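Down below is the structure, laid out as structure tokens.
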Amino acid sequence: MSLAGKKVVVVGGSSGIGLSTAEFAKQEGAEVIIASRNVERLDDVAAKLKAVAIPVDVTSDDSVAELFAKSGAVDHVVVTAAQLRSGPFKTVAMEDVRATMECKFWGAWRVGRSAEIRPGGSLTLVSGYLSIRPRPNSAIVGAANGALESLARSLALDLAPVRVNAVSPGIIDTPIRAAMPEQARRDMLAKTAASLPVGRVGLGEDIARQIIAFMLNGFATGSVVYIDGGALVC
Ligand SMILES: NC(=O)c1ccc[n+]([C@@H]2O[C@H](COP(=O)([O-])OP(=O)(O)OC[C@H]3O[C@@H](n4cnc5c(N)ncnc54)[C@H](OP(=O)(O)O)[C@@H]3O)[C@@H](O)[C@H]2O)c1
């Protein structure tokens, strides 16, 4: 099985898990479209991958509709786009928690509504293990992830015969933590690695492999797969 002749859209494909997914999809022979906001970075990555770049902001209905008007009908869509703002439950600004849902949850919702996915194709959402393994000061992220996992199950019915699944990552070393002070980031990743049965944190490709598996497996729909290095069992 391969993705030869298939059209794949990776929303959030200019970085991290989305970038690894776009790379694998290219290797499998797909025509790949990557979409995100920062046009310079998007064009750079697209040129390296020999992919098509279409700018999008998933917080805008019109921008998402425009992306899929430009892409036309496609076979597989992945949403990795997210910007997360969390903090202590009692004091985190409502503006921040709303922004998190607007991007991560409503962004995926908009993509599901606007994408014209051919029958038998797939939509894959990316949630996160905080949905079922909460941590302090991350309630909004856990809630967004839980909502996405529930959405994937619902859409497996509403969008059938298009297949809809979610992958729920543990801690993955991607640019998502670029704003953290470097030493604090390294310390956090090292501490996490030491706590996991696999002895390391994840890489973008660890999650991308599961996303590609969802595209290729015609029996997978309504599934939520946790890929977390064993974080849920330790
Ligand atoms: N890394 C982890 O440890 C981890 C753990 C659990 C779950 N996850 C989830 O996995 C997904 C991917 O994370 P990642 O680590 O790959 O993040 P990343 O490296 O920061 O990549 C995020 C991508 O989304 C794009 N993006 C952000 N906001 C957007 C918007 N409003 N509209 C369109 N594109 C947008 C970014 O490009 P622009 O900024 O240019 O738009 C970038 O291409 C996220 O949903 C994240 O919550 C990650």
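The values are calculated or read from the model by the stated rules, or taken from the named source; none is laboratory data. Everything numeric in this text was worked out from a predicted model, so none of it was measured. Cβ: placed from backbone, ideal geometry, glycine included. Neighbour counts: every protein chain shown. Ligands, DNA and RNA are excluded from the accessible area calculation, which covers all protein heavy atoms including side chains. Shrake-Rupley method; radii C 1.70, N 1.55, O 1.52, S 1.80 Å.
Report the full-extension gain for the segment Glu116 to Asp43: residue separation times 0.36 nm, less the Cα-Cα distance, to one decimal in nm. Please list the in-between numbers first.
Working: separation 73, 0.36 × 73 = 26.28 nm, distance 2.37 nm.
Using 0.36 nm per residue and subtracting the Cα-Cα distance, I get 23.9 nm.
Two decimals, Cα atoms only, Kirkwood Rh: what is Rg/Rh over the stretch 53-141? Before the final figure, lay out the partial values.
Numbers: Rg = 14.9 Å, Rh = 14.2 Å.
Value, to two decimals: 1.05.
Skipping prolines and chain starts, which residues have an amide H placed within reach, meaning under 5 Å, of the one on Ser122, given they are 5 or more residues away or on another chain?
Here the answer is His76, Val77, Arg163, since their amide H atoms fall under 5 Å of that of Ser122.
Please calculate how many Å² of accessible area the stretch 1-143 carries per residue, with a 1.4 Å probe and no DNA, RNA or ligand atoms counted.
Working: 6880 Å² over 143 residues.
With the other protein chains kept in place, the stretch 1-143 gives 48 Å² per residue.
Taking the Cα centre of the chain as origin and charging only Cβ (+1 Lys, Arg; -1 Asp, Glu), how large is the dipole, in debye to the nearest 20?
The calculation lands at about 420 debye.
Could you derive backbone 3J(HN,Hα) for the stretch 13-24 from the dihedral phi with the Karplus parameters 6.51, -1.76 and 1.60 (θ = phi - 60°), listing whole Hz in sequence and x where the residue is Gly or Pro?
Karplus-based 3J(HN,Hα) across the stretch 13-24 equals x, 8, 7, x, 4, x, 5, 4, 5, 4, 4, 5 Hz.
Can you tell me which lysines have their Cα less than 21 Å from the Cα of Lys7? Leave out same-chain residues fewer than eight positions away.
Lys26, Lys48, Lys50, Lys70
Relative contact order for the stretch 7-225: what percent, with Cα pairs under 8 Å and sequence separation of 6 or more? Before the final figure, lay out the partial values.
Details: 422 pairs, mean separation 45.6, N = 219.
Here the relative contact order equals 21 percent.
Taking amide H atoms as placed 1.01 Å from N in the peptide plane, list the residues 5 or more away in sequence, or in a different chain, whose amide H sits under 5 Å from that of Ser60.
Close amide H contacts, sequence-distant or interchain: none at all.
Looking at the chain as a GNM with Cα springs under 10 Å, which of Gly72, Gly12, Gly204 has the largest mean-square fluctuation?
Maximum among the listed residues: Gly72.
List every residue whose amide H lies under 5 Å from the amide H of Ile172, counting only residues 5 or more places away in sequence or on a different chain, with H placed 1.01 Å from N in the peptide plane.
Gly202
Give the lysines whose C-alpha is closer than 17 Å to that of Lys104, dropping any in the same chain fewer than 8 places away, or say none.
none
Sort out for me the Cα centre separation of the stretch 30-77 from the stretch 191-234, rounded to whole Å.
25
Looking at the stretch 10-49, which trypsin sites (Lys or Arg not before Pro) are DSSP coil and have at most 13 other C-beta atoms within 10 Å of their C-beta? Could you put the intermediate results ahead of the total?
Details: sites: Lys26, Arg37, Arg41, Lys48; in loops: Arg37.
Sites meeting the loop and neighbour criteria: none at all.
Can you give me the distance in nm between label points at Lys70 and Ala178, each placed 7 Å from the Cα along the Cα-to-Cβ direction?
2.0
Could you identify which residue out of Ala152, Ala35, Ala139 has the top mean-square fluctuation in a GNM of the chain using Cα springs shorter than 10 Å?
Top of the fluctuation ranking is Ala139.
Quick one: with all protein chains in place, what share of the accessible area of the stretch 7-225 is carbon or sulfur, to the nearest percent (1.4 Å probe)? Show your work: numbers first, answer last.
Numbers: 5590 of 10400 Å².
Answer for the stretch 7-225: carbon and sulfur cover 54 percent of the accessible area.
Spelling out what I want: for every residue of the stretch 188-195, take phi, set θ = phi - 60°, compute 6.51 cos²θ - 1.76 cosθ + 1.60 (Karplus), and round to whole Hz; glycine and proline get x.
4, 5, 5, 5, 5, 4, 5, 8
Can you show me the helix-derived [θ] at 222 nm for the chain, built from DSSP H runs with n ≥ 4 at -39,500 (n - 2.57) apiece and divided by the number of residues, rounded to the nearest 500.
Values: 8 runs with 97 residues, N = 234.
Taking each H run of at least 4 residues, the total per residue is -13000 deg cm²/dmol.
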